[in-house]
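Report on the following structure.
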Amino acid sequence: MLGEQLKAYREARGQSREDFAAFLNEGLDRSYDRQRISRWENGGERIPQAVVAFIRKHPVLPVEKPGPALVVSLANQKGGVGKTTGCVNVGRMLADRGYSVVLVDSDPQANAGIHLSVDVVACEEAEKTLYYVLKGVAKAEECLVETRNPRLRVLPSSLKLAESETELAAQQFSHNTLRSRLADLRRSVDFILIDCPPTLGHLVTNALVASDTVLIPCQTQPLAFMGMGTLRKQIDFVRERGNPTLSLLGIVPTFYSGRTTQDQATLKDMHETYGQEVHIFPPIPNTTLYPQSSAGGDALVAFNAKAPGVGTFDMVVQTLIEERDRRVVPAGHGVAAHG
């Protein structure tokens, strides 16, 4: 394999040299770095046969033109339950499989953008955030910021987005605003993930009206579980008033510790209360790895594909792909790249 062929393969995966080295290290149990990748690509060093064989086992097939998108809200009126963690990791995993993904940061705290190394202050100064999209003074496509995988882009937030709650409340039919603003974008990408704020206000209502389906991260703690009923009522309200096809993709239990009786009891209550009508994914264990990954400016799955809970996120990703194929992808159209 020639260096230029290796570079073309890496770019087809949408990976930087650093991310590509991590991909090889995970699969081959090596310790390559971006400098080594650079030497291979530039012809300064021969590419090991083990690397060539590994690449041939993980081909990246041609990707069809993106779109239309499945729009997914990650919602829960309680904060700190893992909505942002779910968005950035699921978004990165979809992008790594070859899909075009946009993460809409609908939380004024802007945690999703910050986690993915987006300079949200600069975006606000340039008036290129969700607030200005909702106001109609900027187009969503003009505000997107690439992440380390270029297939995953962020429509960033800022503290100013908090003003939208009051402004939307003053407008007639404001619940359709986000859906209208994302209409063009929806035709040109594969997935739109909306990281909702921890409220049940106008921003969340807009997100639900714009969405095809909802994923609910829920901490395995009594207070988080007790709030689930209120969110379900909000989803039913949106179905009745503006989005009758909105579905509930499932519940992801988060911050779970199998060693505590409280977590065990809450997870059991979750299954007994909702398990017959809603899919409940395996719980994400309580670990410091996910918040720590934000210091690296990327999703945890980009650094550690075997981290606790990644298997659950992989199930979520596969469920989303199947949901998109079922609901929004015309027959014979779809993404072929799953390398």
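Annotations for the structure displayed:
- Restricting Leu193, Leu200 to residues that are closer than 19 Å to Thr177 by Cβ and at pLDDT 95 or above narrows the list to Leu193.
- Hits in region 2-35 - residues which are under 23 Å from the mean Cα position of the chain (by Cα), part of a helix (DSSP H, G or I) and charged (D, E, K, R): Arg10, Glu11, Arg17, Glu18, Asp19, Glu26
- Any hit, region 135-153, residues being touching a Leu at 6+ places or on another chain (Cβ under 7 Å), surrounded by fewer than 24 Cβ atoms within 10 Å (Cβ to Cβ) and in a loop (DSSP other than H, G, I, E, B): yes
- Annotation: Phe255 fulfils all but one of (1) at pLDDT below 90; (2) within 22 Å of Val72 (Cα to Cα); the unmet one is (1).
- Qualifying positions in region 274-303 - among the polar types (S, T, N, Q) and surrounded by 14 or more Cβ atoms within 10 Å (Cβ to Cβ): Asn286, Thr287, Ser293, Ser294
- Any hit, region 22-29, residues being surrounded by fewer than 19 Cβ atoms within 10 Å (Cβ to Cβ), modelled with pLDDT under 90 and under 18 Å from Asn149 (Cα atoms): yes
- The number of residues in region 39-56 being part of a loop (DSSP other than H, G, I, E, B) and either in contact with a strand residue (DSSP E or B) (Cβ under 6 Å, 6 or more places away or on another chain) or polar (S, T, N, Q) (or both) comes to 1.
- Condition met for Glu163 (within 19 Å of the chain's Cα centre (by Cα) and farther than 21 Å from Ser247 by Cβ): no
- Of all residues in region 288-316 being among the hydrophobic types (A, V, I, L, M, F, W, C) and touching a Leu at 6+ places or on another chain (Cβ under 6 Å), the one that is farthest from Asp19 (Cα to Cα): Leu289
- Within the option set Gly339, Gly334, being touching an Asp or Glu at 6+ places or on another chain (Cβ under 9 Å), modelled with pLDDT under 85 and within 22 Å of Leu249 (Cα to Cα) holds for one residue only, Gly334.
- Residues of region 154-168 satisfying the condition of being crowded, with 21+ Cβ neighbours inside 10 Å and assigned to a helix (DSSP H, G or I): Leu161, Ser164
- Condition check for Pro59: closer than 30 Å to Leu200 by Cβ and part of a loop (DSSP other than H, G, I, E, B): no
- Matching residues, region 104-134, being part of a loop (DSSP other than H, G, I, E, B) and either crowded, with 24+ Cβ neighbours inside 10 Å or not polar (S, T, N, Q) (or both): Ser106, Asp107, Pro108, Ala110, Leu116, Val118, Asp119, Ala126, Glu127, Lys128, Thr129
- Beta carbons closer than 8 Å, at least 6 apart along the sequence or on distinct chains, pair a first residue in region 70-90 that is within 18 Å of Pro283 (Cβ to Cβ) with a second that is assigned to a helix (DSSP H, G or I) and of a type in the set (Phe, Trp, Tyr) for Gly82/Tyr290; Thr85/Tyr290; Gly86/Phe313; Asn89/Tyr290; Asn89/Phe313; Val90/Phe313.
- When Thr260, Thr287, Thr245 are screened for being among the polar types (S, T, N, Q) and touching an Asp or Glu at 6+ places or on another chain (Cβ under 8 Å), only Thr245 passes.
The values are calculated or read from the model by the stated rules, or taken from the named source; none is laboratory data. Remember, it's a predicted structure, so these values are computed and weren't measured experimentally. Neighbour counts are summed over all protein chains in view; Cβ atoms, including those assigned to glycine, are modelled from backbone coordinates with ideal geometry.
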